[in-house]
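S.K.: Got a structure for you, questions after.
The values are calculated or read from the model by the stated rules, or taken from the named source; none is laboratory data. Since we're looking at a predicted model, the values are computed, not measured. Reconstructed Cβ throughout: ideal geometry from the backbone, glycine too, with neighbour counts over all protein chains shown. Surface accessibility is based on the protein's heavy atoms, side chains included, excluding ligands, DNA and RNA. Shrake-Rupley method; radii C 1.70, N 1.55, O 1.52, S 1.80 Å.
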Amino acid sequence: MQKFFLVLSFFLTHTIIFSQSRDLEGKIKAQQGEIIEETLVKVKDTLNNVSSDLKGKIKAQEEAIKENTKDEDILDTSFYKIFYLDGRVETVDTTLSIYKDYKFNFLREDSFDLISFANTAHTYNKLAYNFKDFSKPDIGARGKHFHYFEKEDIGYYNVPTPLTEIFAKSTFEQGQILDVLVSINLNPQYNFTVAHKGYKSLGKYLNNRSRGNQFRFTSNYKSKNQLNHWRFHFVSQNIFNQENGGIDPESIYFFEQATNYFVLDEFGNQIENEDGTFEMIEYDGYLDRSRLGTNLLSRGSLYSKRFFSDFKRIILKNKKENTNTLVVNYQFTHEYKKVEFIDDMNSKIFGDVLEFINSDQKISDLNRFIEQENRIILSSDSKIGRLKLSYFLTNWKNNFKIYDNQEIGNSIFELIEDQSNISVDWKKIFKNYSFEFNFNKSSKPSFKSDYISLNIKGKPIKNVNIEIGSSIIEKSPNFNFKFYRSGYESYNWFNDNLYDEKISNVNFKLSYKELLVLTADYNEIDNYTFFRENTNALIGETDYKRIAVVNQAENKINYYSIKLFSKVDFGKFSFVNTARYQKKEQEVAPGNLSTLNVPEWVTRNTIMYSADVFNKSLSIQTGITFNYFTKYFADYYNPLISEFVTQNFKDIGEFPRVDFFFNAKIQQTRVFIKVEHLNSSFTGYDYYSDPFSPYRDMSVRLGLVWNFFS
């Protein structure tokens with residue numbers, strides 16, 4: 001707690017130490033003070049000495065001065081801009097809306113297509129898939145990357161006055177989440193931003209604690225002549241979780257029965273009543289989730305550091321049209337990741353340990369991954385549009401820990417690979433339409449990331465927007481599909497014969513204002529690569545063991561989805577509805593697993609009341625959100641490899657989740673109060689995030705987002 005107050009004090013000292021440049025303050029003071037105050041005083045003095053016929057004209061002049069000053073000279077949040085690597089530009093938004101409620105979670109994103117695990121900052125199971133991903137092969141361990149800050153997630157700020165944002169939220173049992181950001185422009189040309197996200201949550205189940213630190217530093221410079229630009233960021237992330245592998249089979253029974261369970265005789269058999277029913281006893285002791293047993297007592301972590309630099313030089317500039325005729329960029333990225341799994345008990349759930357590991361030696365798997373990229377970009381704005389040509393060279397180094405007394409023999413413990421790519425990006429904006437074309441080609445067949453895509457956006461009529469896109473992607477699976485080493489015998493493989501995944505998709509989007517948004521996606525996937533459960537569920541082996549193996553789908557998968565969003569207002573009431581219908585078609589041979597499993601329906605419905613009270617000094621919104629998805633064979637989380645594994649023996653879903661929320665805004669502070677899953681005690685204890693991990697019970701969560709502009 002002392003560290004928390006020290007860190008918070010450090011972030012807030014900018015309000016005393018730093019000040020805005022004298023040029024900017026002088027401008028604001030001159031325009032607001034001299035134009036408004038002095039001019040209005042003169043107008044009022046004149047009103048006392050002129051005839052009543054002239055008063056109306058002077059009042060009109062006074063209102064015109066006020067109106068012009070308001071529009072042109074007074075700072076608001078639109079002046080506080082955030083720039084991203086992909087070209088997106090956002091502004092700081094302090095409004096209170098239902099969209100802010102949807103994003104007030106650990107990810108700070110709308111998690112409609114995800115279902116969280118019981119504890120904060122653990123992992124999320126997917127309810128839908130997005131195959132419009134052009135990223136290169138990575139280390140894997142995707143279960144620990146849901147809240148990982150990728151290169152594209154980092155924003156570069158430009159603010160007229162120092163900006164501070166505080167995000168805080170309660171967690172489960174012990175702990176809290178605190179994400180603090182401070183952004184300062186020392187002058188109009190240079191900005192630096194410091195941010196830190198720290199969290200800790202004990203959780204309600206045994207061995208389920210999570211904690212982490214995610215530090216971000218960004219720097220953004222632009223020369224006075226506007227010809228040189230430089231962006232830099234450093235990110236350090238430490239994500240830690242205790243891993244229990246879900247609850248054991250006996251505890252699953254007590255979780256589902258919860259307050260009622262069968263009475264057994266001395267031989268372990270159920271006692272039958274005269275009416276043919278079985279005798280049951282009421283007992284709510286297992287609502288204390290810490291009494292439920294778990295499959296594992298282990299821990300896993302992801303540690304990472306990344307340096308990124310982007311230097312841009314404008315070589316030729318068309319001053320007449322204010323466009324850049326020729327621009328050169330050099331980008332450098334160095335990223336280090338370390339994934340670790342420690343099992344002090346050497347649990348048999350993952351099978352036998354390697355024979356050279358002694359009984360007093362614990363499993364301690366360690367995977368290190370280094371990616372280094374150099375990229376040269378030539379870009380130009382002209383009458384034919386915005387054209388960008390890129391060449392980048394990527395080097396990877398992936399290695400695993402070698403245990404003591406381990407005989408290496410023919411085993412491989414390190415991969416060193418490199419890949420070069422050439423890409424072309426073109427965008428042309430017309431009056432009501434824009435066209436965007438993207439192309440990338442890798443030079444080597446291994447660890448490739450080839451793609452070609454076309455996207456058309458348009459506004460055919462007022463308030464109606466359409467978007468049509470299509471892409472063809474061919475890319476190699478992640479490193480952990482091809483290469484893995486562990487102290488467990490079954491988790492050692494080297495697959496040099498995997499095929500590249502091939503994805504073809506078409507997508508469509510239609511929107512009318514913010515009232516209606518319709519999206520549709522169709523995907524064809526060849527060589528879909530996944531982890532498959534290799535134990536036999538029919539004889540109960542899967543209840544006590546988890547053996548994941550790498551697999552590729554033999555047949556093509558057709559996956560399509562339709563998503564509809566609507567928002568209807570009736571006075572102070574709003575009805576916000578989101579629904580996704582999706583279907584997967586796949587021919588499965590006898591004995592094979594059906595993969596890419598998804599629920600057919602995913603829905604979210606919100607009824608909300610909004611109002612401004614106390615002379616509009618306080619804005620409030622309150623309501624109920626209903627979440628639901630149909631049953632499906634959900635993947636389960638395997639903490640040893642930090643991945644989700646396909647299974648076809650137990651389905652989850654068809655449990656409603658009702659959340660009550662009350663949100664308020666006072667000036668630039670937004671307060672959020674939510675009762676999550678308030679119906680958990682009376683709709684049945686059959687809610688799961690994966691086949692072995694229960695979803696959250698009812699809980700009350702509190703938090704706020706606080707912005708300072710000073």
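S.K.: When only C-alpha pairs under 8 Å and at least 6 residues apart count, what is the relative contact order of the chain, in percent?
M.R.: 10
S.K.: Once phi is turned into ³J(HN,Hα) by the Karplus curve 6.51 cos²θ - 1.76 cosθ + 1.60 with θ = phi - 60°, what whole-Hz value does each residue of the range 560-570 show in order, with x for glycine and proline?
M.R.: Couplings: 9, 8, 10, 10, 10, 10, 9, 9, 10, 10, 10 Hz.
S.K.: Can you compute the FRET efficiency between Phe332 and Lys616 using 1/(1 + (r/R0)^6), with r the Cβ-Cβ distance and R0 = 56 Å? Round to the nearest 0.05.
M.R.: Result of the calculation: an efficiency of 0.65.
S.K.: Within the range 305-383, which chymotrypsin sites (Phe, Trp or Tyr not before Pro) sit in a loop by DSSP and count at most 15 neighbouring Cβ atoms inside 10 Å?
M.R.: Those that pass, being in a loop and sparsely packed, are Phe356.
S.K.: To continue, here is another question. Which number do you get for Rg(Cα) / (2.2 N^0.38 Å) in the range 575-651?
M.R.: Cα Rg divided by the expected 2.2 N^0.38 Å: 1.77.
S.K.: Okay, moving on. Excluding ligands and nucleic acids, what accessible area in Å² is computed for Trp601 using a 1.4 Å probe, to the nearest 10?
M.R.: Roughly 110 Å² of Trp601 is accessible to a 1.4 Å probe.
S.K.: For Cα extents along the principal axes in Å, several values are listed as [x] 90, 71, 53; [y] 84, 70, 60; [z] 107, 67, 54; flag the one computed from this structure.
M.R.: This structure yields the entry labelled [z].
S.K.: Using a cut-off of under 20 Å, list every residue of the range 163-191 whose amide N is near the label point 7 Å from the Cα of Phe79 along the Cα-to-beta-carbon line.
M.R.: 163-165, 182-191
S.K.: Another question, then. Would you rank Ile115, Ile666 by solvent-accessible area, highest first, keeping every protein chain in place and using a 1.4 Å probe?
M.R.: Ile666, Ile115
S.K.: Need the full-extension length gain, Phe660 to Glu355, defined as separation in residues times 0.36 nm minus the C-alpha distance. One decimal, nm.
M.R.: 104.4 nm
S.K.: Using a 1.4 Å probe on the protein heavy atoms, what percent of the accessible area of the range 390-520 belongs to carbon and sulfur?
M.R.: 55
S.K.: Follow-up question, since we're still on this one. State the Cα centre-to-centre distance between the range 376-437 and the range 92-149 in whole Å.
M.R.: 23
S.K.: Evaluate the relative contact order of the range 500-596 (contact order divided by residue number), counting alpha-carbon pairs under 8 angstrom at least 6 apart; express in whole percent.
M.R.: Relative contact order here is 25 percent.
S.K.: To continue, here is another question. If you take the beta carbon distance between Asn228 and Ile466 as r and set R0 to 35 Å, what does 1/(1 + (r/R0)^6) give as a FRET efficiency, to the nearest 0.05?
M.R.: After rounding, the FRET efficiency stands at 0.35.
S.K.: Go through the range 279-327 and name the trypsin sites (Lys or Arg not before Pro) that are in a DSSP coil and have 13 or fewer other Cβ atoms within 10 Å of their Cβ.
M.R.: Within the range 279-327, the qualifying trypsin sites (Lys or Arg not before Pro) (loop, at most 13 other Cβ atoms within 10 Å) are Lys319, Lys320.
S.K.: Give the residue from Gly571, Val613, Thr630 lying farthest towards the positive end of the charge dipole for the range 571-710; charges sit on Cβ (+1 for Lys and Arg, -1 for Asp and Glu) and the dipole is referred to the Cα centre.
M.R.: Looking along the dipole axis, the top candidate is Val613.
S.K.: Relative to the longest principal axis of the C-alpha atoms of the chain, give the angle of the C-alpha long axis of helix 2-12, reported between 0 and 90° and rounded to the nearest 10°.
M.R.: 30
S.K.: Based solely on its DSSP helices, what 222 nm [θ] is calculated for the chain when runs of n ≥ 4 H residues each add -39,500 (n - 2.57) and the sum is averaged over all residues, nearest 500 deg cm²/dmol?
M.R.: Mean residue ellipticity at 222 nm (helix-derived): -3000 deg cm²/dmol.
S.K.: For the ranges 237-250, 446-459, what's the packing order if you count other beta-carbon atoms within 10 Å of each residue, average per peptide, and put the highest first?
M.R.: For the peptides 237-250, 446-459, the packing ranking is 237-250, 446-459.
S.K.: Could you order Glu541, Glu272, Glu533 so the one with the most accessible surface comes first? Probe is 1.4 Å.
M.R.: Glu272, Glu541, Glu533
S.K.: Sorted by accessible area (1.4 Å probe), largest first, how do Tyr636, Tyr544, Tyr528 line up?
M.R.: Sorted descending by solvent-accessible area, the residues read Tyr544, Tyr528, Tyr636.
S.K.: Is there a pair in Lys103/Lys572; Lys563/Lys584; Lys441/Lys509 whose C-alpha atoms are over 18 Å apart, and which pairs would that be?
M.R.: Violating the 18 Å Cα-Cα cut-off are Lys103/Lys572; Lys441/Lys509.
S.K.: Take peptides 685-696, 649-660 and line them up by average Cβ neighbours within 10 Å, highest first, as a rough protection proxy.
M.R.: Highest to lowest by the protection proxy: 685-696, 649-660.
S.K.: Pop a pseudo-label 7 angstrom from the Cα along the beta-carbon direction at both Ala520 and Leu264 and give the gap in nm to one decimal.
M.R.: 5.4
S.K.: Here's something else I'd like to know. Students often forget the sequence filter, so: which lysines lie under 29 Å Cα-Cα from Lys320 once same-chain residues fewer than 8 apart are removed?
M.R.: The reachable lysines, counting only those whose Cα sits under 29 Å from Lys320, are Lys27, Lys81, Lys222, Lys224, Lys312, Lys383, Lys388, Lys427, Lys428, Lys431, Lys457, Lys459.
S.K.: Using a 1.4 angstrom probe, figure out how much accessible area the chain has per residue, in square angstrom, rounded to the nearest whole.
M.R.: In whole numbers, the chain has 50 Å² accessible per residue.
S.K.: Could you tell me which trypsin sites (Lys or Arg not before Pro) in the range 323-396 are loop residues by DSSP with no more than 10 other beta carbons within 10 angstrom of their beta carbon?
M.R.: Of the trypsin sites (Lys or Arg not before Pro), the ones in loops of the range 323-396 whose Cβ has at most 10 other Cβ atoms within 10 Å are Lys383.
S.K.: PRE reach from Tyr253 (point 7 Å along Cα→Cβ): which of the range 284-316 fall under 20 Å by backbone N?
M.R.: Residues passing the 20 Å test: 284-296.
S.K.: Name the long-range amide H neighbours of Asp651: under 5 Å, sequence gap of 5 or more, or other chain; modelled H, no Pro or chain starts.
M.R.: Here nothing satisfies the definition.
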